[in-house]
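Student: Questions regarding the structure given below will be posed in turn.
The values are calculated or read from the model by the stated rules, or taken from the named source; none is laboratory data. In this text, all values refer to a predicted model and were calculated from it rather than measured experimentally. Every residue, glycine as well, gets a Cβ built from its backbone with ideal geometry; the counts of neighbours run over all protein chains shown. In case anyone asks, the SASA skips ligands and DNA or RNA and just uses the protein heavy atoms, side chains included. Shrake-Rupley method; radii C 1.70, N 1.55, O 1.52, S 1.80 Å.
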Amino acid sequence: MGKPTGFIEIPRKPGGYRPVQERTGDFGEVEQRLNDEDRRAQAARCMDCGVPFCHWACVLGNRNPEWQDALYKGNYREAYELLTATNPFPEFTGRVCPALCEKSCVLNIHNEPVTVRENECAVIEQAFEKGYVKPGSPFVRTGKRVAVIGSGPAGLAVADRLNRLGHKVTVYEARDAAGGLLRYGIPDFKLQKSVIDRRLEIMEAGGICFRVNNAVGKDIEGAEIYNYYDAVCLATGAMIPRDLAVPGRNLSGIHFALDFLMQQNKMIRGIKVPEEQRLTADGKQVLIIGGGDTGADCVGTAIRQKALSVTQIEIMPEPPSERMADNPWPYWPNVLRTSSSHLEGCDRRWSLATKGFLGKDGRVTAAKVIGVTWSRSASGRQVMSENGKKSQVLKADMVLLCMGFLPEALDALVKKLGLDTGRESKKLFVCGDARTGPGLVLRAIAGGISAAEDIDTYLKTR
Ligand SMILES: Cc1cc2nc3c(=O)[nH]c(=O)nc-3n(C[C@H](O)[C@H](O)[C@H](O)COP(=O)(O)OP(=O)(O)OC[C@H]3O[C@@H](n4cnc5c(N)ncnc54)[C@H](O)[C@@H]3O)c2cc1C
């Protein structure tokens, strides 16, 4: 702990966002970076707690306070080595993680947690700038071959770890570029894609082979992969969108969030989308159904596409602005979260269920919604009831469905990919969202690391 009084003397200072007027005119990252002096001062605020709750909250097992201390002292190489000892991709989590570590930071008792996520981003960016980030080439190769199917954060983590352990890894990706939802889900204004390309170059230089445009079970037989490799890891994510079975659902102008977000990310990447397939919010009254993070990403994207108005509705009630008595620190705070996109101009409404869509000439023009109230049953379950007096019609000529994703049953997934060879399945592993259901980038990375360790143990026994 470099500065024992740091947390008393120095207030929390996040980098903040670029001004709304400026940032909504482009798709560049919204977050600003502190200068070196301010950043190091922020690291000085880490208290070296006797019981570090940030370790408890983050599944990656971060090495706070050691790397905060190194950052405070300006020892970027040491900070980088400590940070990457537990997290292979701090440049991803440093940008998009909801920072469970900060929510549980002891300083968060006073709402002034250490800026762990931003500090992480600063360390890895300096490490890239100073040339510390080198390919993870192993000293010896084991001669074992592993196929990883899917190149999201889970697939990348499993590939990185196994490659460092000496196994020859090939990553199969259905899309035209690696990265999973980092590339084709999360908008560029949260994570610019050059950050992924930079990491992929390092991984390739380290010996990992990426085979994009290769959907297993379609472009390449699952059985071929199963027979050729010593182990196979499924990291195919969980992207089945939850639908809304209400009258009018088949009207045009109603889309799944990921179709909308993915198309925008593709266009920024320079991929041409035929005019008739374009999903644009330009000049439209956009209704976003679902109050979560994917919905927030749609808000920011629709605003940048010059939507006339953006309304986001959620079936659950508005969360409180502060923690309730039954949700104390250090638990995840169930409070209202306002993203950078919400600050750009969006009407947020709560406790509304969608009953149907209205349209004209086959196109959606409005949504019929009804107010709902929530109560607890005797068993403690949340029960919803509709209030007929609170029904209303919300005008909308574009509707985006953001009600979450469903995981695919593992048996069905294995069958779909053609990996159900009927023989020993010990060499099949699964990680990330494909294993846990929709989650977070840091959980996918942690799952990838853990799968790599299981695969390595398995390969050693063969
Ligand atoms: C819009 C959106 C925004 C999000 N924002 C955040 C955020 O800000 N912070 C956060 O922590 N989390 C966020 N998440 C969640 C996070 O992105 C996921 O939890 C994480 O990406 C899951 O990683 P994964 O590697 O398991 O799967 P994915 O990232 O989904 O990657 C799976 C990959 O497998 C490929 N694939 C599938 N089938 C095949 C096949 N048969 N052959 C070859 N390849 C195949 C897919 O094309 C894809 O590239 C967001 C999710 C969404 C949808």
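Student: Would you call residue 156 within 11 Å of the ligand (Cβ to nearest atom), open to solvent by less than 10 Å² (accessible area, probe 1.4 Å) and either in the same structural domain as residue 448 (by TED's automatic domain parsing) or touching a Lys or Arg at 6+ places or on another chain (Cβ under 8 Å) (or both)?
Tutor: yes
Student: Any residue at all in region 110-125 that is more than 13 Å from the ligand (Cβ to nearest atom), open to solvent by 30 Å² or more (accessible area, probe 1.4 Å), in contact (Cβ under 8 Å) with a residue 60 or more places away in the chain and not assigned by TED's automatic domain parsing to the domain that holds residue 208?
Tutor: yes
Student: I've got another one for you. Looking at region 258-284, which of its residues are surrounded by 19 or more Cβ atoms within 10 Å (Cβ to Cβ) and in contact with an Asp or Glu (Cβ under 7 Å, 6 or more places away or on another chain)?
Tutor: Once the filter is applied, which keeps residues that are surrounded by 19 or more Cβ atoms within 10 Å (Cβ to Cβ) and in contact with an Asp or Glu (Cβ under 7 Å, 6 or more places away or on another chain), region 258-284 yields 261, 265, 284.
Student: Of everything in region 256-270, what is touching a helix residue (DSSP H, G or I) at 6+ places or on another chain (Cβ under 9 Å) and not polar (S, T, N, Q)? Give them in sequence order.
Tutor: If the condition is that a residue be touching a helix residue (DSSP H, G or I) at 6+ places or on another chain (Cβ under 9 Å) and not polar (S, T, N, Q), then 257, 258, 260, 261, 262, 266, 269 are the ones that fit.
Student: Which ones in region 214-234 are open to solvent by 10 Å² or more (accessible area, probe 1.4 Å), within 13 Å of the ligand (Cβ to nearest atom) and touching a residue at least 12 places away in the same chain (Cβ under 8 Å)?
Tutor: Answer for region 214-234, where residues must be open to solvent by 10 Å² or more (accessible area, probe 1.4 Å), within 13 Å of the ligand (Cβ to nearest atom) and touching a residue at least 12 places away in the same chain (Cβ under 8 Å): 214, 215, 216, 217, 218, 219, 220, 221.
Student: Moving on to the next point. Tell me which of these residue 80 doesn't satisfy, since it passes every other one: (1) closer than 25 Å to residue 333 by Cβ; (2) open to solvent by less than 70 Å² (accessible area, probe 1.4 Å); (3) touching a residue at least 40 places away in the same chain (Cβ under 8 Å); (4) in contact with a helix residue (DSSP H, G or I) (Cβ under 7 Å, 6 or more places away or on another chain).
Tutor: (1)
Every residue, every condition in (1) under 21 Å from residue 240 (Cβ atoms); (2) within 11 Å of the ligand (Cβ to nearest atom); (3) in contact with a strand residue (DSSP E or B) (Cβ under 6 Å, 6 or more places away or on another chain), yes or no:
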{"residue": "175", "(1), (2), (3)": "yes, yes, no"}
{"residue": "180", "(1), (2), (3)": "yes, yes, no"}
{"residue": "185", "(1), (2), (3)": "yes, yes, no"}
{"residue": "192", "(1), (2), (3)": "no, no, no"}
{"residue": "195", "(1), (2), (3)": "no, no, no"}
{"residue": "198", "(1), (2), (3)": "no, no, no"}
{"residue": "203", "(1), (2), (3)": "no, no, no"}
{"residue": "209", "(1), (2), (3)": "no, no, yes"}
{"residue": "212", "(1), (2), (3)": "no, yes, no"}
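Student: Within region 431-448, is even one residue more than 10 Å from the ligand (Cβ to nearest atom) and either farther than 30 Å from residue 121 by Cα or without any contact (Cβ under 8 Å) to a residue 60 or more places away in the chain (or both)?
Tutor: No, every residue in region 431-448 fails to be more than 10 Å from the ligand (Cβ to nearest atom) and either farther than 30 Å from residue 121 by Cα or without any contact (Cβ under 8 Å) to a residue 60 or more places away in the chain (or both).
Student: Among (1) out of contact with any strand residue (DSSP E or B) (no Cβ under 8 Å at 6 or more places or on another chain); (2) open to solvent by less than 40 Å² (accessible area, probe 1.4 Å); (3) within 15 Å of the ligand (Cβ to nearest atom); (4) not in a loop (DSSP other than H, G, I, E, B), which single condition is residue 237 missing?
Tutor: For residue 237, the exception is condition (4).
Student: Considering each of 409, 396 in turn, give the residue that is buried (at least 20 other Cβ atoms within 10 Å of the Cβ) and among the small types (Gly, Ala, Ser).
Tutor: 396
Student: While we're here: Which of (1) within 16 Å of the ligand (Cβ to nearest atom); (2) assigned to a loop (DSSP other than H, G, I, E, B) is the odd one out, the single condition residue 250 does not satisfy?
Tutor: (1)
Student: I need the full set of residues from region 27-52 which are at pLDDT 95 or above and of a type in the set (A, V, I, L, M, F, W, C), in order please.
Tutor: Matches in region 27-52: 27, 30, 34, 41, 43, 44, 46.
Student: For region 291-310, which residues satisfy the criterion of being touching a strand residue (DSSP E or B) at 6+ places or on another chain (Cβ under 7 Å) and crowded, with 20+ Cβ neighbours inside 10 Å?
Tutor: 291, 295, 298, 299, 302, 303, 307, 310
Student: Scanning for something touching a Leu at 6+ places or on another chain (Cβ under 9 Å), under 18 Å from residue 431 (Cβ atoms) and surrounded by fewer than 20 Cβ atoms within 10 Å (Cβ to Cβ), does region 202-209 turn up at least one residue?
Tutor: No, region 202-209 has no match at all.
Student: Just the residues that are closer than 15 Å to residue 233 by Cβ and out of contact with any Phe, Trp or Tyr (no Cβ under 9 Å at 6 or more places or on another chain), please, taken from region 418-434.
Tutor: The answer is 425, 430, 431, 432, 434.
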